[in-house]
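Structure record follows, encoded as structure tokens.
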Amino acid sequence: MSRSAGGGLGLTGEHALRAVYNAHGPELYRFAMRQLNDDGAAQDVVQEVFLRAWRAAERFDPEVASLRVWLFAIARNVITDEMRRRSVRPAREFGLADEPAETGFDERRVNAWLVEEALRRITPEHRVCLVETHLRGRPYAEVAAELGIPVGTLRTRLFYGLRALRVVMEEMGVEL
């Protein structure tokens, strides 16, 4: 017997889906907001969580975990995806690359472009460490835990990442 999407959770009706959203949506939003510190991204995460839950409802097993636990596991995955997406284009996440065009020379824009370009040229491992700790100001222990590496390894990656960034910027003709 095949169930349609949303059927495993009893989410076939609008009222059932709304009840699950009302019960868990605000808490999922607060969780995403704490992780991302971005209202729009947190709202997108909650929407994506419920979309994924609805599509994968037949895989939900209440004997393995509660609905709340299952939704938070999905949220954790969506947030991880969002953080990885952000680390690919770090300067855009800080509003540096998408500011409205102004006439004349804008040193901030040039600097943002230079940093973004230099970050693209170093290894992804170094880039993620630098973006998360230096640009986002996150604690070393938190970033290391998220990446699944010891804090000492994170510090080493930061050291060599900064060194690589300096070399790349010098190659680009940036005076430090």
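Return a yes/no flag: does segment 37-49 have any residue that is over 29 Å from residue 132 (Cβ atoms), surrounded by fewer than 16 Cβ atoms within 10 Å (Cβ to Cβ) and outside the structural domain of residue 142 (by TED's automatic domain parsing). No - not one qualifying residue is present in segment 37-49. Inside segment 124-176, residues that are part of a loop (DSSP other than H, G, I, E, B), of a type outside the set (D, E, K, R) and within 25 Å of residue 113 (Cβ to Cβ) make up a count of 5. Checked against the criterion of being within 17 Å of residue 81 (Cβ to Cβ) and either without any contact (Cβ under 8 Å) to a residue 40 or more places away in the chain or not charged (D, E, K, R) (or both), segment 58-68 contains not a single residue that satisfies it.
The rows are residues; the columns are (1) exposed (fewer than 15 other Cβ atoms within 10 Å of the Cβ); (2) at pLDDT 90 or above; (3) closer than 27 Å to residue 47 by Cβ.
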| site | (1), (2), (3) |
| --- | --- |
| 78 | no, no, yes |
| 93 | no, no, yes |
| 124 | yes, yes, no |
| 142 | yes, yes, yes |
| 176 | yes, no, no |
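Results for (1) more than 29 Å from residue 148 (Cα to Cα); (2) at pLDDT 85 or above; (3) in a helix (DSSP H, G or I), shown as yes or no for each residue.
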residue: 44; (1), (2), (3): no, yes, yes
residue: 48; (1), (2), (3): no, yes, yes
residue: 58; (1), (2), (3): yes, yes, yes
residue: 68; (1), (2), (3): no, yes, yes
residue: 96; (1), (2), (3): yes, no, no
residue: 102; (1), (2), (3): yes, no, no
residue: 114; (1), (2), (3): yes, no, yes
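The values are calculated or read from the model by the stated rules, or taken from the named source; none is laboratory data. Everything numeric in this text was worked out from a predicted model, so none of it was measured. Backbone-built Cβ (ideal geometry, glycine too); neighbour counts: all protein chains shown.
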